[in-house]
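This report refers to the structure that appears directly beneath it.
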Amino acid sequence: MEREREAVADAGRRLAAEGLVIGTSGNLSLRTGERVAVSPTGAVLAELEAADVAVTGLDGSQLAGRLAPTSELGLHLGIYARYGSGAVVHTHAPTATALGLVLDELPCVHYEMLGLGGAVRVAPYATFGSAELAAGVLEALRDRSAALMANHGAVTHGPDLAAAVHAMRLLEWACTLYWRAATIGTPRTLEAGQLGAVVDTIAALGYGAPRAAEPPG
Ligand SMILES: [Zn+2]
């Protein structure tokens, strides 16, 4: 799991450098088969090293590492069990956390939010590290790669660490967009028909992936 521990430490430092994680307020993990490399409890993510990263089984038993895993391990393992994801990221990113103080759902106001599955649900508040919190977040993540956590923060997951980190960046961007718009008016929400047309266009154009230029005519 050395490569995975290195990847978790690397992504933790990047999330901190980008301001998505402040101090010890976040955690992340990467699963390979039945093993999970997970950031330790109490760690300053900006200084995370591979040797700090714990390795556990899917039952939470610690297999390697000198530090205990994050107190949100149950949330991470629950997401792996229910959704078969490859990586999970949890942060208290500033704008995502702010919107989770106010909203019950972040509406789909931009087509890029389709990358998160559409409108983002806000899971009910419960004490950090609790089974109740994990259960609420798991439900909020149905058909989504992101959820907000009321009065707490945000969680994203994906097939690999790059995808889970990207989803967290996208979520914080969407929250910032919504917040800025809401200060000057009521943000318009995209309708199902408009989103369906975007999905059709992406499928038809292969949009988002680099494409070779047409040869000069
Ligand atoms: Zn938290």
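Quick note: the coordinates plus some simple rules give every number you see, no bench work behind them. Quick caveat: nothing in here was measured; it's all calculated off a predicted structure. Note that each Cβ is placed from the backbone with ideal geometry, even for glycine, and that neighbours are counted across all protein chains shown.
Within segment 145-160, does at least one residue satisfy the condition of being more than 15 Å from the ligand (Cβ to nearest atom), in contact with a helix residue (DSSP H, G or I) (Cβ under 7 Å, 6 or more places away or on another chain) and of a type in the set (A, V, I, L, M)?
No.
What about Ala174, is it surrounded by 17 or more Cβ atoms within 10 Å (Cβ to Cβ), away from the ligand (no atom under 16 Å from the Cβ) and under 15 Å from Gly117 (Cα atoms)?
yes
Would you confirm whether or not segment 74-83 contains a residue that is in contact with a strand residue (DSSP E or B) (Cβ under 8 Å, 6 or more places away or on another chain) and over 25 Å from Thr127 (Cα atoms)?
no
Of all residues in segment 116-133, count the ones that are within 14 Å of the chain's Cα centre (by Cα) and either within 15 Å of the ligand (Cβ to nearest atom) or of a type in the set (Val, Ile, Thr) (or both).
3
Is it the case, given these coordinates, that Ala163 is farther than 19 Å from Cys108 by Cα and within 16 Å of the ligand (Cβ to nearest atom)?
Spelling it out, it is not the case that Ala163 is farther than 19 Å from Cys108 by Cα and within 16 Å of the ligand (Cβ to nearest atom).
Hey, which of the helices (runs of 4 or more DSSP H) in segment 1-115, taking only ones fully inside, have at least 1 residues that are within 21 Å of Cys175 (Cα to Cα), more than 16 Å from the ligand (Cβ to nearest atom) and in contact (Cβ under 8 Å) with a residue 60 or more places away in the chain?
Fully inside segment 1-115 and qualifying: 2-17.
Can you tell me which residue in segment 129-145 is farthest from Leu101 (Cα to Cα), limited to those that are in contact with a strand residue (DSSP E or B) (Cβ under 9 Å, 6 or more places away or on another chain) and surrounded by fewer than 14 Cβ atoms within 10 Å (Cβ to Cβ)?
Among those residues, the one meeting the criterion is Arg142.
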